[in-house]
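Asks: Sharing a structure with you now.
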Amino acid sequence: MSSIQKKTDVILIGGGVMSATLGSLLKALAPEWEIKVFEKLANAGEESSNEWNNAGTGHSALCELNYTSEKSDGSIDISKAIKINEQFQVSMQFWSYLVNCKLINNPQDFIMPIPHMSMVQGEKNVAFLKKRFEALINNPLFKGMEFSDNPEKLMEWIPLIMQDRPSNEPIAATKIDSGTDVNFGALTRMLFDHLKNQNVDIKYKHCVDNIVRTSDGSWELKVRNADNGSIERHTANFVFIGGGGGSLHLLQKSGIPEGKHIGGFPVSGIFMVCKNPEIIAQHHGKVYGKAKVGAPPMSVPHLDTRFIDNKKALLFGPFAGFSPKFLKTGSMFDLVTSVKPNNVLTMLAAGAKEMSLTKYLIQQVMLSKEKRMEELREFIPNAKSEDWDLVVAGQRVQVIKDTAEGKGTLQFGTEVITAADGSIAALLGASPGASTAVHVMLEVINKCFPQHMKEWEPKIKEMIPSYGVSLMENPELLHEIHTSTAETLGLSAKELAYS
Ligand SMILES: Cc1cc2nc3c(=O)[nH]c(=O)nc-3n(C[C@H](O)[C@H](O)[C@H](O)COP(=O)(O)OP(=O)(O)OC[C@H]3O[C@@H](n4cnc5c(N)ncnc54)[C@H](O)[C@@H]3O)c2cc1C
(Lines give C-alpha, C1' and ligand atoms only; values in the text may rest on other atoms or scores of the structure.)
Protein backbone atom coordinates (compact mmCIF):
# COMPACT_ATOMS: atom_id res chain seq x y z
CA MET A 1 0.00 0.00 0.00
CA SER A 2 1.25 3.48 -0.80
CA SER A 3 0.41 6.64 1.16
CA ILE A 4 0.91 10.22 -0.03
CA GLN A 5 2.22 12.68 2.53
CA LYS A 6 2.03 16.46 2.77
CA LYS A 7 4.59 18.44 0.78
CA THR A 8 7.57 19.85 2.70
CA ASP A 9 10.08 22.56 1.90
CA VAL A 10 13.17 20.36 2.06
CA ILE A 11 13.95 16.64 2.00
CA LEU A 12 17.45 15.45 2.92
CA ILE A 13 18.30 11.91 1.79
CA GLY A 14 20.86 10.21 4.03
CA GLY A 15 21.83 10.51 7.67
CA GLY A 16 25.53 11.28 7.21
CA VAL A 17 27.58 14.34 8.09
CA MET A 18 26.66 16.13 4.83
CA SER A 19 22.87 16.04 5.37
CA ALA A 20 23.42 16.84 9.06
CA THR A 21 25.45 19.92 8.10
CA LEU A 22 23.08 21.13 5.40
CA GLY A 23 20.08 20.65 7.69
CA SER A 24 21.79 22.60 10.50
CA LEU A 25 22.72 25.45 8.15
CA LEU A 26 19.21 25.65 6.67
CA LYS A 27 17.59 25.58 10.14
CA ALA A 28 19.71 28.59 11.09
CA LEU A 29 18.95 30.47 7.86
CA ALA A 30 15.27 29.62 7.42
CA PRO A 31 13.98 28.32 10.77
CA GLU A 32 10.39 28.25 9.53
CA TRP A 33 11.12 25.77 6.72
CA GLU A 34 9.88 22.24 7.17
CA ILE A 35 12.62 19.64 6.74
CA LYS A 36 12.34 15.85 6.49
CA VAL A 37 15.21 13.35 6.52
CA PHE A 38 15.17 9.77 5.25
CA GLU A 39 17.93 7.39 6.31
CA LYS A 40 17.84 3.76 5.33
CA LEU A 41 19.79 2.51 8.36
CA ALA A 42 18.65 2.48 11.98
CA ASN A 43 20.78 5.47 13.10
CA ALA A 44 22.60 8.54 11.87
CA GLY A 45 26.29 8.39 10.95
CA GLU A 46 26.53 4.66 10.30
CA GLU A 47 28.20 4.71 6.88
CA SER A 48 31.32 6.72 5.84
CA SER A 49 30.74 9.32 8.57
CA ASN A 50 31.04 6.69 11.30
CA GLU A 51 34.17 6.99 13.45
CA TRP A 52 35.37 3.49 12.50
CA ASN A 53 34.78 4.05 8.79
CA ASN A 54 37.05 7.08 8.21
CA ALA A 55 40.39 8.33 9.51
CA GLY A 56 38.97 11.22 11.57
CA THR A 57 41.57 13.67 10.33
CA GLY A 58 40.50 17.28 10.43
CA HIS A 59 41.94 17.79 6.95
CA SER A 60 43.63 21.18 6.80
CA ALA A 61 46.69 20.17 4.76
CA LEU A 62 48.99 20.39 7.79
CA CYS A 63 50.39 16.90 7.17
CA GLU A 64 48.88 15.41 3.98
CA LEU A 65 51.67 15.48 1.38
CA ASN A 66 49.30 14.88 -1.54
CA TYR A 67 47.97 18.45 -1.19
CA THR A 68 51.40 19.94 -1.99
CA SER A 69 52.79 18.66 -5.26
CA GLU A 70 56.20 19.36 -6.74
CA LYS A 71 56.05 21.39 -9.96
CA SER A 72 58.25 20.63 -12.99
CA ASP A 73 60.61 23.48 -11.98
CA GLY A 74 61.12 21.82 -8.59
CA SER A 75 59.07 24.38 -6.63
CA ILE A 76 56.15 23.33 -4.43
CA ASP A 77 52.57 24.16 -5.38
CA ILE A 78 50.77 25.05 -2.13
CA SER A 79 47.52 26.34 -3.68
CA LYS A 80 45.54 23.17 -2.86
CA ALA A 81 46.85 23.16 0.71
CA ILE A 82 45.74 26.78 1.18
CA LYS A 83 42.28 26.00 -0.22
CA ILE A 84 41.73 23.01 2.07
CA ASN A 85 43.05 24.81 5.14
CA GLU A 86 40.73 27.79 4.49
CA GLN A 87 37.78 25.38 4.04
CA PHE A 88 38.55 23.64 7.32
CA GLN A 89 38.51 27.03 9.11
CA VAL A 90 34.93 27.43 7.83
CA SER A 91 33.93 24.13 9.49
CA MET A 92 35.68 25.13 12.74
CA GLN A 93 33.75 28.43 12.83
CA PHE A 94 30.37 26.80 12.24
CA TRP A 95 30.98 24.13 14.89
CA SER A 96 32.03 26.90 17.32
CA TYR A 97 28.85 28.84 16.53
CA LEU A 98 26.74 25.77 17.35
CA VAL A 99 28.62 25.23 20.63
CA ASN A 100 28.43 28.93 21.60
CA CYS A 101 24.67 28.92 20.99
CA LYS A 102 24.40 25.67 23.02
CA LEU A 103 22.84 23.94 20.02
CA ILE A 104 25.44 21.20 20.49
CA ASN A 105 27.40 20.49 23.69
CA ASN A 106 30.62 18.86 24.86
CA PRO A 107 32.84 19.60 21.84
CA GLN A 108 35.53 17.30 23.31
CA ASP A 109 33.22 14.42 22.35
CA PHE A 110 33.82 15.17 18.67
CA ILE A 111 37.04 17.20 18.33
CA MET A 112 40.42 16.86 20.04
CA PRO A 113 43.75 18.61 19.45
CA ILE A 114 46.47 16.34 18.11
CA PRO A 115 49.80 17.21 16.42
CA HIS A 116 49.78 16.65 12.67
CA MET A 117 53.07 15.36 11.28
CA SER A 118 54.49 14.33 7.91
CA MET A 119 57.27 11.77 7.94
CA VAL A 120 59.47 10.70 5.03
CA GLN A 121 62.55 8.56 4.45
CA GLY A 122 65.28 8.74 1.81
CA GLU A 123 67.35 11.68 0.63
CA LYS A 124 65.00 12.76 -2.15
CA ASN A 125 61.92 12.67 0.07
CA VAL A 126 63.69 14.55 2.88
CA ALA A 127 64.65 17.27 0.39
CA PHE A 128 61.01 17.43 -0.77
CA LEU A 129 59.71 17.72 2.79
CA LYS A 130 62.15 20.52 3.59
CA LYS A 131 61.08 22.43 0.47
CA ARG A 132 57.43 21.89 1.38
CA PHE A 133 58.09 23.19 4.89
CA GLU A 134 59.87 26.28 3.51
CA ALA A 135 56.98 26.95 1.11
CA LEU A 136 54.41 26.79 3.91
CA ILE A 137 56.09 28.26 6.97
CA ASN A 138 55.66 31.92 6.11
CA ASN A 139 52.00 31.48 5.31
CA PRO A 140 49.86 32.47 8.34
CA LEU A 141 47.65 29.37 7.84
CA PHE A 142 50.61 27.11 8.61
CA LYS A 143 52.17 29.14 11.42
CA GLY A 144 53.85 27.03 14.08
CA MET A 145 55.02 24.22 11.75
CA GLU A 146 58.46 22.79 12.64
CA PHE A 147 60.85 20.71 10.53
CA SER A 148 63.49 18.32 11.81
CA ASP A 149 65.86 15.74 10.40
CA ASN A 150 67.66 15.38 13.70
CA PRO A 151 67.14 11.83 15.06
CA GLU A 152 67.16 13.06 18.67
CA LYS A 153 64.39 15.57 17.99
CA LEU A 154 62.45 12.94 16.03
CA MET A 155 62.82 10.53 18.96
CA GLU A 156 61.08 13.18 21.10
CA TRP A 157 58.27 13.68 18.56
CA ILE A 158 57.69 10.09 17.39
CA PRO A 159 59.39 7.62 19.77
CA LEU A 160 57.38 4.63 18.56
CA ILE A 161 58.49 5.27 14.98
CA MET A 162 62.15 5.99 15.81
CA GLN A 163 62.77 3.13 18.31
CA ASP A 164 64.67 0.13 16.91
CA ARG A 165 64.83 1.69 13.45
CA PRO A 166 67.35 -0.52 11.65
CA SER A 167 68.13 1.61 8.61
CA ASN A 168 70.48 4.56 8.48
CA GLU A 169 68.42 6.10 5.71
CA PRO A 170 67.88 9.84 6.12
CA ILE A 171 64.55 10.53 7.84
CA ALA A 172 62.72 13.80 8.50
CA ALA A 173 59.39 15.05 9.79
CA THR A 174 57.36 18.20 10.16
CA LYS A 175 55.15 18.80 13.16
CA ILE A 176 52.40 21.29 13.84
CA ASP A 177 50.46 21.23 17.10
CA SER A 178 47.30 22.84 15.78
CA GLY A 179 46.00 19.66 14.10
CA THR A 180 42.78 17.93 15.13
CA ASP A 181 41.21 14.51 15.38
CA VAL A 182 37.52 14.76 14.55
CA ASN A 183 35.03 12.06 15.47
CA PHE A 184 32.71 12.63 12.53
CA GLY A 185 30.36 9.90 13.74
CA ALA A 186 29.82 11.65 17.08
CA LEU A 187 29.48 15.01 15.32
CA THR A 188 26.85 13.61 12.93
CA ARG A 189 24.83 12.16 15.80
CA MET A 190 25.04 15.46 17.72
CA LEU A 191 23.87 17.41 14.68
CA PHE A 192 20.94 15.02 14.20
CA ASP A 193 19.98 15.41 17.88
CA HIS A 194 20.05 19.17 17.33
CA LEU A 195 17.87 18.83 14.19
CA LYS A 196 15.40 16.69 16.11
CA ASN A 197 15.18 19.44 18.75
CA GLN A 198 14.41 21.87 15.92
CA ASN A 199 11.40 19.73 14.89
CA VAL A 200 13.05 18.21 11.85
CA ASP A 201 11.18 15.01 10.98
CA ILE A 202 13.86 12.28 10.88
CA LYS A 203 12.83 8.87 9.62
CA TYR A 204 15.31 6.04 10.14
CA LYS A 205 14.94 2.69 8.37
CA HIS A 206 13.36 4.56 5.46
CA CYS A 207 15.00 3.92 2.11
CA VAL A 208 14.45 6.26 -0.85
CA ASP A 209 13.85 4.01 -3.87
CA ASN A 210 12.95 6.55 -6.51
CA ILE A 211 12.81 10.29 -7.24
CA VAL A 212 10.57 11.76 -9.92
CA ARG A 213 9.73 15.29 -10.98
CA THR A 214 6.08 16.32 -10.54
CA SER A 215 4.13 18.51 -12.93
CA ASP A 216 4.55 21.60 -10.67
CA GLY A 217 8.37 21.26 -10.70
CA SER A 218 8.75 19.81 -7.22
CA TRP A 219 10.07 16.29 -6.47
CA GLU A 220 8.22 13.16 -5.39
CA LEU A 221 10.14 10.48 -3.51
CA LYS A 222 9.13 6.85 -3.26
CA VAL A 223 10.18 5.83 0.24
CA ARG A 224 10.18 2.26 1.56
CA ASN A 225 9.72 1.63 5.26
CA ALA A 226 12.30 -1.08 6.02
CA ASP A 227 10.34 -2.31 9.05
CA ASN A 228 7.09 -3.22 7.33
CA GLY A 229 7.83 -2.80 3.62
CA SER A 230 5.12 -0.16 3.17
CA ILE A 231 5.61 2.51 0.52
CA GLU A 232 5.16 6.22 1.19
CA ARG A 233 5.26 9.11 -1.28
CA HIS A 234 6.76 12.38 -0.04
CA THR A 235 7.11 15.60 -2.02
CA ALA A 236 9.37 18.60 -1.48
CA ASN A 237 10.36 21.81 -3.23
CA PHE A 238 14.04 21.03 -2.68
CA VAL A 239 15.81 17.68 -2.35
CA PHE A 240 19.40 17.09 -1.25
CA ILE A 241 20.83 13.70 -2.19
CA GLY A 242 23.30 13.10 0.63
CA GLY A 243 23.37 9.33 0.28
CA GLY A 244 27.19 9.07 0.28
CA GLY A 245 27.99 6.12 -1.99
CA GLY A 246 24.24 5.79 -2.61
CA SER A 247 24.03 9.25 -4.21
CA LEU A 248 24.97 8.31 -7.77
CA HIS A 249 22.09 5.86 -8.22
CA LEU A 250 19.61 8.38 -6.79
CA LEU A 251 20.97 11.16 -9.00
CA GLN A 252 20.54 8.89 -12.03
CA LYS A 253 16.94 8.17 -10.98
CA SER A 254 16.16 11.90 -10.84
CA GLY A 255 16.92 12.02 -14.58
CA ILE A 256 18.37 15.56 -14.50
CA PRO A 257 20.67 16.21 -17.48
CA GLU A 258 23.45 17.40 -15.14
CA GLY A 259 23.62 13.85 -13.73
CA LYS A 260 24.36 12.24 -17.08
CA HIS A 261 27.78 11.04 -18.33
CA ILE A 262 28.96 10.56 -14.74
CA GLY A 263 30.10 7.26 -13.30
CA GLY A 264 31.47 6.03 -10.00
CA PHE A 265 34.35 3.78 -9.01
CA PRO A 266 34.34 2.32 -5.49
CA VAL A 267 37.53 2.16 -3.43
CA SER A 268 37.29 0.49 -0.06
CA GLY A 269 39.48 1.06 2.97
CA ILE A 270 40.98 -1.19 5.64
CA PHE A 271 42.70 -0.02 8.83
CA MET A 272 44.85 -1.87 11.31
CA VAL A 273 43.86 -1.12 14.88
CA CYS A 274 46.19 -1.58 17.83
CA LYS A 275 44.87 -3.52 20.80
CA ASN A 276 47.90 -3.14 23.08
CA PRO A 277 47.36 -0.19 25.50
CA GLU A 278 51.13 0.10 26.11
CA ILE A 279 51.79 0.72 22.41
CA ILE A 280 48.83 3.10 22.10
CA ALA A 281 50.22 5.18 24.99
CA GLN A 282 53.61 5.59 23.26
CA HIS A 283 52.27 7.55 20.29
CA HIS A 284 50.67 10.98 20.15
CA GLY A 285 49.99 12.39 16.71
CA LYS A 286 48.74 11.82 13.22
CA VAL A 287 51.79 10.92 11.14
CA TYR A 288 51.26 10.94 7.38
CA GLY A 289 53.76 9.31 5.04
CA LYS A 290 54.11 9.40 1.26
CA ALA A 291 51.91 7.32 -1.04
CA LYS A 292 53.65 4.44 -2.80
CA VAL A 293 54.22 4.83 -6.55
CA GLY A 294 50.99 3.89 -8.36
CA ALA A 295 48.86 4.18 -5.22
CA PRO A 296 45.82 6.48 -5.34
CA PRO A 297 46.00 9.59 -3.10
CA MET A 298 43.46 8.22 -0.62
CA SER A 299 45.75 5.36 0.33
CA VAL A 300 48.56 7.47 1.78
CA PRO A 301 49.64 5.50 4.86
CA HIS A 302 49.30 7.17 8.25
CA LEU A 303 49.69 6.23 11.88
CA ASP A 304 47.03 8.01 13.87
CA THR A 305 46.21 8.63 17.47
CA ARG A 306 42.42 8.72 17.56
CA PHE A 307 39.88 9.52 20.25
CA ILE A 308 36.97 7.12 19.96
CA ASP A 309 34.41 6.51 22.72
CA ASN A 310 36.46 8.88 24.92
CA LYS A 311 39.45 6.53 24.70
CA LYS A 312 42.79 6.95 22.96
CA ALA A 313 43.19 4.54 20.04
CA LEU A 314 45.93 3.88 17.47
CA LEU A 315 45.12 3.10 13.85
CA PHE A 316 47.28 2.53 10.79
CA GLY A 317 46.22 2.61 7.16
CA PRO A 318 44.15 2.89 5.14
CA PHE A 319 44.94 0.03 2.81
CA ALA A 320 42.91 0.50 -0.33
CA GLY A 321 40.83 -2.34 -1.67
CA PHE A 322 38.20 -3.17 -4.21
CA SER A 323 34.59 -4.14 -3.69
CA PRO A 324 31.81 -3.43 -6.20
CA LYS A 325 29.63 -2.06 -3.37
CA PHE A 326 29.02 1.71 -3.24
CA LEU A 327 28.16 1.67 0.47
CA LYS A 328 29.60 -0.61 3.16
CA THR A 329 26.04 -1.89 3.58
CA GLY A 330 25.45 -1.75 -0.19
CA SER A 331 24.90 -4.43 -2.84
CA MET A 332 27.40 -6.42 -4.92
CA PHE A 333 25.50 -5.12 -7.98
CA ASP A 334 26.07 -1.40 -7.20
CA LEU A 335 28.86 -0.93 -9.73
CA VAL A 336 27.14 -2.85 -12.52
CA THR A 337 23.76 -1.14 -12.03
CA SER A 338 25.41 2.30 -12.09
CA VAL A 339 26.39 1.77 -15.74
CA LYS A 340 23.73 3.38 -17.93
CA PRO A 341 23.55 4.08 -21.67
CA ASN A 342 24.55 7.71 -21.01
CA ASN A 343 27.72 6.88 -19.02
CA VAL A 344 28.83 3.57 -20.54
CA LEU A 345 31.43 5.21 -22.81
CA THR A 346 32.72 7.33 -19.93
CA MET A 347 33.04 4.21 -17.77
CA LEU A 348 34.73 2.18 -20.54
CA ALA A 349 37.21 4.98 -21.18
CA ALA A 350 38.01 5.11 -17.45
CA GLY A 351 38.34 1.31 -17.35
CA ALA A 352 40.91 1.39 -20.15
CA LYS A 353 42.85 4.28 -18.57
CA GLU A 354 42.78 3.03 -15.00
CA MET A 355 43.88 -0.59 -15.53
CA SER A 356 46.91 -0.01 -13.31
CA LEU A 357 44.72 1.37 -10.50
CA THR A 358 42.37 -1.62 -10.75
CA LYS A 359 45.36 -3.95 -10.65
CA TYR A 360 46.77 -2.07 -7.65
CA LEU A 361 43.45 -2.32 -5.77
CA ILE A 362 43.09 -6.03 -6.48
CA GLN A 363 46.66 -6.61 -5.24
CA GLN A 364 45.79 -4.65 -2.10
CA VAL A 365 42.72 -6.83 -1.44
CA MET A 366 44.87 -9.95 -1.72
CA LEU A 367 47.43 -8.76 0.89
CA SER A 368 47.78 -11.11 3.83
CA LYS A 369 47.85 -9.71 7.36
CA GLU A 370 51.61 -10.36 7.48
CA LYS A 371 52.13 -8.32 4.28
CA ARG A 372 50.15 -5.49 5.84
CA MET A 373 52.31 -5.81 8.96
CA GLU A 374 55.38 -5.27 6.73
CA GLU A 375 53.93 -1.93 5.63
CA LEU A 376 53.17 -1.03 9.23
CA ARG A 377 56.79 -1.88 10.15
CA GLU A 378 57.94 0.93 7.86
CA PHE A 379 56.35 3.12 10.56
CA ILE A 380 56.79 0.99 13.70
CA PRO A 381 59.87 -1.18 13.09
CA ASN A 382 59.15 -3.65 15.90
CA ALA A 383 55.35 -3.89 15.47
CA LYS A 384 54.06 -7.32 16.51
CA SER A 385 51.29 -9.04 14.62
CA GLU A 386 49.43 -10.06 17.79
CA ASP A 387 49.02 -6.39 18.80
CA TRP A 388 47.04 -5.47 15.68
CA ASP A 389 43.64 -6.35 14.22
CA LEU A 390 42.12 -5.47 10.85
CA VAL A 391 38.98 -3.33 10.60
CA VAL A 392 37.05 -2.65 7.41
CA ALA A 393 36.41 1.07 6.89
CA GLY A 394 33.94 2.86 4.61
CA GLN A 395 33.57 2.86 0.84
CA ARG A 396 34.59 5.88 -1.22
CA VAL A 397 32.97 6.22 -4.62
CA GLN A 398 35.31 8.24 -6.80
CA VAL A 399 33.63 10.26 -9.54
CA ILE A 400 34.39 9.43 -13.18
CA LYS A 401 33.52 12.09 -15.74
CA ASP A 402 34.57 13.56 -19.04
CA THR A 403 36.90 16.52 -18.51
CA ALA A 404 39.35 18.62 -20.52
CA GLU A 405 41.89 15.89 -19.69
CA GLY A 406 39.81 13.37 -21.62
CA LYS A 407 36.88 11.01 -21.49
CA GLY A 408 36.40 8.95 -18.38
CA THR A 409 38.73 10.83 -16.04
CA LEU A 410 38.85 9.65 -12.42
CA GLN A 411 38.33 12.51 -9.95
CA PHE A 412 39.58 12.45 -6.39
CA GLY A 413 37.63 15.44 -5.01
CA THR A 414 33.97 16.07 -4.22
CA GLU A 415 31.46 17.21 -6.84
CA VAL A 416 28.24 19.07 -6.15
CA ILE A 417 25.76 18.37 -8.97
CA THR A 418 22.71 20.63 -9.08
CA ALA A 419 19.74 20.94 -11.42
CA ALA A 420 19.68 24.16 -13.44
CA ASP A 421 16.70 25.46 -11.37
CA GLY A 422 18.41 24.56 -8.05
CA SER A 423 15.55 22.26 -6.97
CA ILE A 424 17.77 19.22 -6.43
CA ALA A 425 21.44 18.76 -5.52
CA ALA A 426 23.63 15.71 -5.04
CA LEU A 427 27.02 15.31 -3.46
CA LEU A 428 29.37 12.85 -5.13
CA GLY A 429 32.98 11.92 -4.42
CA ALA A 430 34.81 11.63 -1.15
CA SER A 431 37.81 13.87 -0.59
CA PRO A 432 38.71 15.91 1.44
CA GLY A 433 35.39 14.82 2.77
CA ALA A 434 33.75 15.47 6.07
CA SER A 435 36.31 18.11 7.16
CA THR A 436 35.07 20.48 4.48
CA ALA A 437 31.36 19.64 4.91
CA VAL A 438 30.39 23.20 5.90
CA HIS A 439 32.13 24.80 2.92
CA VAL A 440 30.62 22.24 0.52
CA MET A 441 27.10 22.63 1.95
CA LEU A 442 27.40 26.43 1.68
CA GLU A 443 28.23 25.81 -1.99
CA VAL A 444 24.99 23.80 -2.28
CA ILE A 445 23.05 26.65 -0.64
CA ASN A 446 24.68 29.21 -2.93
CA LYS A 447 23.86 27.25 -6.06
CA CYS A 448 20.32 26.23 -5.07
CA PHE A 449 19.02 29.30 -3.25
CA PRO A 450 20.58 32.31 -5.03
CA GLN A 451 17.36 34.27 -4.48
CA HIS A 452 17.83 34.10 -0.66
CA MET A 453 21.55 34.78 -0.45
CA LYS A 454 21.30 38.53 0.09
CA GLU A 455 18.83 38.07 2.93
CA TRP A 456 20.86 35.19 4.47
CA GLU A 457 24.33 36.72 4.20
CA PRO A 458 24.31 38.56 7.56
CA LYS A 459 23.38 35.33 9.38
CA ILE A 460 26.05 33.37 7.48
CA LYS A 461 28.62 36.01 8.50
CA GLU A 462 27.47 35.82 12.11
CA MET A 463 28.04 32.04 12.07
CA ILE A 464 31.16 32.10 9.90
CA PRO A 465 32.95 35.46 10.29
CA SER A 466 35.43 34.60 7.52
CA TYR A 467 32.64 33.92 4.98
CA GLY A 468 33.72 35.34 1.60
CA VAL A 469 37.10 36.47 2.98
CA SER A 470 40.54 34.94 2.43
CA LEU A 471 41.97 34.25 5.88
CA MET A 472 45.46 33.95 4.49
CA GLU A 473 45.22 37.54 3.34
CA ASN A 474 43.70 38.67 6.66
CA PRO A 475 46.10 37.39 9.33
CA GLU A 476 44.42 39.46 12.08
CA LEU A 477 41.03 37.89 11.42
CA LEU A 478 42.74 34.49 11.19
CA HIS A 479 44.35 35.03 14.60
CA GLU A 480 41.01 36.10 16.10
CA ILE A 481 39.22 33.08 14.64
CA HIS A 482 41.93 30.62 15.69
CA THR A 483 41.87 31.95 19.23
CA SER A 484 38.09 31.95 19.59
CA THR A 485 37.44 28.57 17.91
CA ALA A 486 40.24 26.94 19.95
CA GLU A 487 38.70 28.29 23.15
CA THR A 488 35.12 27.34 22.28
CA LEU A 489 36.00 23.88 21.01
CA GLY A 490 38.25 23.21 23.99
CA LEU A 491 41.44 22.81 21.93
CA SER A 492 43.81 23.85 24.69
CA ALA A 493 46.01 26.89 24.10
CA LYS A 494 49.05 24.81 25.05
CA GLU A 495 48.42 22.31 22.27
CA LEU A 496 47.76 25.01 19.71
CA ALA A 497 50.39 27.15 18.11
CA TYR A 498 47.84 29.72 17.03
CA SER A 499 48.88 32.77 19.01
C1 LIG B 1 38.50 5.06 4.55
C2 LIG B 1 38.01 6.48 4.63
C3 LIG B 1 38.76 7.44 5.30
C4 LIG B 1 38.31 8.76 5.36
N5 LIG B 1 39.02 9.65 6.10
C6 LIG B 1 38.58 10.92 6.24
C7 LIG B 1 39.26 11.82 7.08
O8 LIG B 1 40.25 11.48 7.71
N9 LIG B 1 38.77 13.08 7.17
C10 LIG B 1 37.68 13.50 6.48
O11 LIG B 1 37.32 14.66 6.59
N12 LIG B 1 36.99 12.65 5.69
C13 LIG B 1 37.41 11.37 5.56
N14 LIG B 1 36.71 10.49 4.78
C15 LIG B 1 35.57 10.97 4.00
C16 LIG B 1 34.32 11.12 4.86
O17 LIG B 1 34.13 9.97 5.66
C18 LIG B 1 33.12 11.34 3.94
O19 LIG B 1 33.40 12.41 3.06
C20 LIG B 1 31.85 11.70 4.69
O21 LIG B 1 31.63 10.87 5.79
C22 LIG B 1 30.68 11.61 3.72
O23 LIG B 1 29.50 11.93 4.40
P24 LIG B 1 28.12 11.72 3.69
O25 LIG B 1 27.09 12.29 4.57
O26 LIG B 1 28.18 12.24 2.29
O27 LIG B 1 27.99 10.14 3.50
P28 LIG B 1 27.69 8.97 4.56
O29 LIG B 1 28.24 9.23 5.89
O30 LIG B 1 28.10 7.70 3.89
O31 LIG B 1 26.12 9.04 4.70
C32 LIG B 1 25.24 8.70 3.65
C33 LIG B 1 24.01 8.11 4.26
O34 LIG B 1 23.00 7.97 3.26
C35 LIG B 1 22.29 6.77 3.51
N36 LIG B 1 21.65 6.37 2.26
C37 LIG B 1 22.26 5.98 1.11
N38 LIG B 1 21.33 5.70 0.17
C39 LIG B 1 20.11 5.93 0.74
C40 LIG B 1 18.77 5.81 0.27
N41 LIG B 1 18.49 5.41 -0.97
N42 LIG B 1 17.76 6.12 1.12
C43 LIG B 1 18.03 6.54 2.40
N44 LIG B 1 19.28 6.66 2.89
C45 LIG B 1 20.31 6.36 2.07
C46 LIG B 1 23.37 5.81 3.99
O47 LIG B 1 22.83 4.73 4.73
C48 LIG B 1 24.24 6.73 4.85
O49 LIG B 1 23.86 6.73 6.20
C50 LIG B 1 37.10 9.15 4.72
C51 LIG B 1 36.34 8.17 4.06
C52 LIG B 1 36.76 6.85 4.02
C53 LIG B 1 35.90 5.83 3.37
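The values are calculated or read from the model by the stated rules, or taken from the named source; none is laboratory data. No experiment lies behind these values; they were computed from the predicted model shown. Here the Cβ positions follow ideal geometry from the backbone for every residue, glycine too, while neighbour counts run over all protein chains shown.
Asks: Name the residue that is surrounded by the fewest Cβ atoms within 10 Å (Cβ to Cβ), counting only residues in the range 304-347 that are over 28 Å from residue 181 (Cα atoms) and within 12 Å of the ligand (Cβ to nearest atom).
Replies: Checking each candidate, the answer is 331.
Asks: Taking the stated definitions as given, is residue 407 surrounded by fewer than 20 Cβ atoms within 10 Å (Cβ to Cβ), more than 16 Å from the ligand (Cβ to nearest atom) and assigned to a strand (DSSP E or B)?
Replies: Yes: the conditions hold for residue 407.
Asks: With respect to the numbered conditions (1) within 27 Å of residue 286 (Cα to Cα); (2) surrounded by fewer than 18 Cβ atoms within 10 Å (Cβ to Cβ); (3) touching a residue at least 40 places away in the same chain (Cβ under 8 Å); (4) within 16 Å of the ligand (Cβ to nearest atom), which one is the sole condition not fulfilled by residue 413?
Replies: Answer for residue 413: the failing condition is (3).
Asks: For the range 188-217, what are the residues that are more than 13 Å from the ligand (Cβ to nearest atom), touching a strand residue (DSSP E or B) at 6+ places or on another chain (Cβ under 7 Å) and over 10 Å from residue 11 (Cβ atoms)?
Replies: Correct list: 195, 196, 200, 212, 213, 214.
Asks: Sticking with this one: Mind checking which residues of the range 449-484 are touching a helix residue (DSSP H, G or I) at 6+ places or on another chain (Cβ under 8 Å), β-branched (Val, Ile, Thr) and within 16 Å of residue 140 (Cα to Cα)?
Replies: Answer for the range 449-484, where residues must be touching a helix residue (DSSP H, G or I) at 6+ places or on another chain (Cβ under 8 Å), β-branched (Val, Ile, Thr) and within 16 Å of residue 140 (Cα to Cα): 469, 481.
Asks: (1) out of contact with any strand residue (DSSP E or B) (no Cβ under 6 Å at 6 or more places or on another chain); (2) in contact (Cβ under 8 Å) with a residue 40 or more places away in the chain: which one isn't true of residue 333, the others all being true?
Replies: Answer for residue 333: the failing condition is (2).
Asks: Determine if the range 295-303 includes at least one residue that is modelled with pLDDT of 95 or more and either surrounded by fewer than 21 Cβ atoms within 10 Å (Cβ to Cβ) or part of a strand (DSSP E or B) (or both).
Replies: yes
Let's see how each residue does on (1) part of a helix (DSSP H, G or I); (2) touching a residue at least 60 places away in the same chain (Cβ under 8 Å); (3) farther than 27 Å from residue 105 by Cα; (4) touching a Ser or Thr at 6+ places or on another chain (Cβ under 6 Å):
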| site | (1), (2), (3), (4) |
| --- | --- |
| 436 | yes, yes, no, no |
| 441 | yes, yes, no, yes |
| 445 | yes, yes, no, no |
| 453 | yes, no, yes, no |
| 470 | no, yes, yes, no |
| 484 | yes, yes, no, no |
| 492 | no, yes, no, no |
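Asks: Among the residues of the range 344-374, which ones are over 21 Å from residue 399 (Cα atoms) and small (Gly, Ala, Ser)?
Replies: Scanning the range 344-374 gives a single hit, 368.
Asks: Given the criteria closer than 30 Å to residue 46 by Cβ and of a type in the set (Ser, Thr, Tyr), does residue 214 qualify?
Replies: In short, no.
Asks: Suppose we keep only residues that are of a type in the set (Val, Ile, Thr) and either under 18 Å from the mean Cα position of the chain (by Cα) or more than 13 Å from the ligand (Cβ to nearest atom) (or both) within the range 232-255. Which one would you say is farthest from residue 433 (Cα to Cα)?
Replies: So, considering only residues that are of a type in the set (Val, Ile, Thr) and either under 18 Å from the mean Cα position of the chain (by Cα) or more than 13 Å from the ligand (Cβ to nearest atom) (or both), the one farthest from residue 433 (Cα to Cα) is 235.
Asks: Here is a check on your reading of the model: is residue 398 under 30 Å from residue 164 (Cα atoms), of a type in the set (S, T, N, Q) and buried (at least 20 other Cβ atoms within 10 Å of the Cβ)?
Replies: So residue 398 fails the test.
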